[in-house]
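Everything on this sheet refers to the single structure shown next.
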Amino acid sequence: MRRLVARYAALFAALAVLALAFPLLLRQVSLRGDIADFLPAPKTEESAFLLEELRSGAATTLLIAGIEGGEARDLARVSRAMAARLEASGLFALVANGAPRIDDGEAALLIAHRYALSPAATPEAFTEAALRRSLEAVLDGLRGSAAPLVRRYGFADPTGAFLALVRGWAADARVAMEHGVWMAEGPRALLLAQSRAGGLDTEAQARTAEAFRAAFAASDPPPGARLLLSGPGIFAAEAAATVRADVRLVSMLSSVLVAAFLIWRYRSPLMLAVVAVPLSAGTLAALAVVDAAFGHVHGAALGFGMTMLGVVDDYPILLITGRAPGETLREAARRIWPTLRLATAAAVAGLVPMLASGFPGLAQLGLFAATGLVGAALTTRYLLPALLPAEGLPVRPLPERLAHVLLRLPARRGVVLAALAVVAVALALGGGPRMERDLAALSPVPEAVRDLDEVLRRQVGAPDVRVVLTLRAPDAEAALQAAERAAEALAPLVASGAIAGLDHPARFLPSAATQRARLAALPEAATLAERIEAARQGLPFRANAFAPFLEGIEAARTQAPLTPADLRAAPLLAARLAPLLRQEEGGVRAILLPTDIRDMAALRAAASRVPGLLPVEIKAETEAILAEATGAALRWAAVGGVLVLVLLGAGRGLAGGLRIAVALGGALMLTFAMLAALGERISVFHLTAALLLAGVGMDYALFLGNTRASARSGEASTEEAARALGSVITCMVTTLLTFGLLALCRTPVLHATGLTVTVGVAAAFLLACALAPGRGAPR
């Protein structure tokens, strides 16, 4: 053991330095997880709105809870206790479970402005006949269970404007009420909350989900009760858990399998340390460069970059395995450097499209991988030979029969090329690979979680988000007036049943113009006093019982309209208004949400007749954005392919570059043909994995072709070709042991990456063998 440590002291020292450098560098590097970096630039007004909604829309901050597994009365008690705790936590702008939750300060403000805010405050509501009905309703209320509430509000507001206003905001008519809270069949108590944190703040969204669970646990739930949670924050947590489980399983299994293979192949665990040196050096260099260029490192850039750097495992393997008998490791590094340099340069050229894509996130991915590849190649060339003994590590020879079979493949080159042509024609006649257009299919969120979300949203009466109507105005007042005009124009659709209803900001805060009109229509004090006196005749009320009502009407006639700036004292109203009316750069946006759309054509036609009203069909716009992003990726991939061809032609000549390009292009074509045969729809994940496949396949074609072309003749040629073949096979097996397991994962990105690379690596290896120059063939 002492001799082993002394012999490889430099290697162990380098690993120790690299291991210490990681935590030191990570303290200086800012890691972020904002998905906005990966959202494309909008091309239309509709896509601009949709992308802004994905970044910071109210839907991204919504959580829906269901409480089931007990009697309705017990579930209602838990719902009320949870709501109180969630409100007290300060994490939520809105907590709603059907029960009115207005504090005294907000109630006072709303009572003062009740006639300006309520659509029921019409001149007809203050006629003598209408007032008579209102006073009779107050009398009936005093005799029933609602007597305390009626005594508090009935004499100051006999028309019920305030209570009607609160009921309209705190509950949805489509949700059943039981024991004072929302209750669905099951029974299942329902609770909805809107977090204060932004939808892209995944850590904060995770805390809101944990607050729900803590509130449930602290609410003394009955035995057997359980909490169901849904919403973007829950999606993020479930997706992260799924990805973590998959990655943990794959990393454990692949680490064991790769380690066992490398130990068997090199008869020593030291090869693991050798591979770790360029990988660690490349990762450190990539972290430092990306942080310096962007001011932070995106978590996805780190994850993808580490995956892309799986290519660099090939570099030390090719160095150790490719050393000729009697050749020192330094000499081997010097000999293979031109090929390794070309392979690295071509792989970096393939990443140029990501750098130039205009997506900050993709640019980070490309810069991370490119820097890591260069750093690892330089480490393999200059550092590894200095850290290891001159003779390197022992390597087991390939099984003789396997080597002979693979070395004879160039003799079947014509058959291989004919097969490639047949596959190309079949793929073209079949219309090419089918592209994935549905974002839901790319989601890492488990299908069961998505199904639960759909059920809870339907039960809680969440609006139909197939279509969102939006308009912009220079200020809040103009936006509210425009929303009122749009609502009036769409009212016939509600009457005809084309839509069930329409939610809009003026429903919660009418425009100042509408408020002034309502207040101006209120009867004068003397006129109202005469009508009240006439209406109370024959009813057991004192003459001055409704004096507070008369005083309120008189005060309302002279009050200023309520504006969004006045809502600091009304958190419930502000929370209801915020998703539908928000300040944007250069103006204010109003959002209208149609519910239960039954006639989409009628809605489109009606919306087209309202000036400034923009209908956004979420599914269509999402598919258009995805198609645009995929198309851009393909266009930039073509640019990268041209750059790679130029480099290969410069480094290997026209014939050699063309041969490698055919091997690489054939591997990509066979991969997508196999994916099509397996029923896979090609997504951006498959295209991203193709970058990794291209880098790996290029290494195979370059190293096999270089050794075959430079071989002299006879036995020496066979030995050298077999040695190169052994190097490439080792690289291929380690790649398959890692990415083959990814193909078994449930997470779409991991599954797509694993399946693409697994199929592609096998195809790239076989084509590299078949298209390599034969013995003594000209370079």
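Every residue, every condition in (1) under 41 Å from the mean Cα position of the chain (by Cα); (2) at pLDDT below 85; (3) in the same structural domain as His686 (by TED's automatic domain parsing); (4) farther than 18 Å from Tyr700 by Cα, yes or no:
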site	(1), (2), (3), (4)
Leu378	yes, no, no, yes
Leu384	yes, no, no, yes
Leu406	no, yes, yes, no
Val416	no, yes, yes, no
Ala419	yes, no, yes, yes
Ala428	yes, yes, yes, yes
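Check Ala555 against each of (1) surrounded by fewer than 12 Cβ atoms within 10 Å (Cβ to Cβ); (2) outside any helix (DSSP H, G or I) and name the one condition it does not meet.
Only one criterion in (1) surrounded by fewer than 12 Cβ atoms within 10 Å (Cβ to Cβ); (2) outside any helix (DSSP H, G or I) is unmet by Ala555, namely (2).
List the number of the failed condition for Leu398; all other conditions in (1) part of a helix (DSSP H, G or I); (2) out of contact with any Asp or Glu (no Cβ under 7 Å at 6 or more places or on another chain); (3) at pLDDT below 80 hold.
The number of the failed condition is (1).
When the residues of the stretch 462-475 are narrowed to those that are in a loop (DSSP other than H, G, I, E, B) and closer than 21 Å to Leu509 by Cα, which ends up modelled with the lowest pLDDT?
Among residues in the stretch 462-475 that are in a loop (DSSP other than H, G, I, E, B) and closer than 21 Å to Leu509 by Cα, the one modelled with the lowest pLDDT is Pro463.
When the stretch 185-207 is examined, which residues are found to be in contact with a strand residue (DSSP E or B) (Cβ under 6 Å, 6 or more places away or on another chain) and either at pLDDT 85 or above or part of a loop (DSSP other than H, G, I, E, B) (or both)?
Hits for the stretch 185-207 are Gly186, Arg188, Ala189, Leu190, Leu191, Arg196.
Only one of (1) exposed (fewer than 15 other Cβ atoms within 10 Å of the Cβ); (2) more than 34 Å from the chain's Cα centre (by Cα); (3) modelled with pLDDT of 75 or more is not met by Gly653, so which one is it?
If we test Gly653 against (1) exposed (fewer than 15 other Cβ atoms within 10 Å of the Cβ); (2) more than 34 Å from the chain's Cα centre (by Cα); (3) modelled with pLDDT of 75 or more, just (3) comes out false.
Of all the residues that make up the stretch 74-92, how many are surrounded by 22 or more Cβ atoms within 10 Å (Cβ to Cβ) and of a type outside the set (A, V, I, L, M)?
2
Among the residues of the stretch 656-689, how many are touching a residue at least 12 places away in the same chain (Cβ under 8 Å), more than 19 Å from Leu409 (Cα to Cα) and assigned to a helix (DSSP H, G or I)?
The qualifying residues number 15.
(1) at pLDDT 80 or above; (2) surrounded by 17 or more Cβ atoms within 10 Å (Cβ to Cβ); (3) within 33 Å of the chain's Cα centre (by Cα): which one isn't true of Leu302, the others all being true?
All conditions pass for Leu302, except number (1).
From the list Ala768, Ala762, Ala743, Ala701, which residue is surrounded by fewer than 20 Cβ atoms within 10 Å (Cβ to Cβ), closer than 18 Å to Leu664 by Cβ, modelled with pLDDT of 75 or more and not assigned by TED's automatic domain parsing to the domain that holds Pro325?
Ala762
In this structure, is Thr122 surrounded by 21 or more Cβ atoms within 10 Å (Cβ to Cβ) and under 21 Å from Ala521 (Cα atoms)?
no
Scan the stretch 476-501 for residues that are in contact (Cβ under 8 Å) with a residue 24 or more places away in the chain and assigned to a helix (DSSP H, G or I) and report the count.
So the count comes out to 17.
The values are calculated or read from the model by the stated rules, or taken from the named source; none is laboratory data. This is a predicted model, so every value here is computed, not measured. Backbone-built Cβ (ideal geometry, glycine too); neighbour counts: all protein chains shown.
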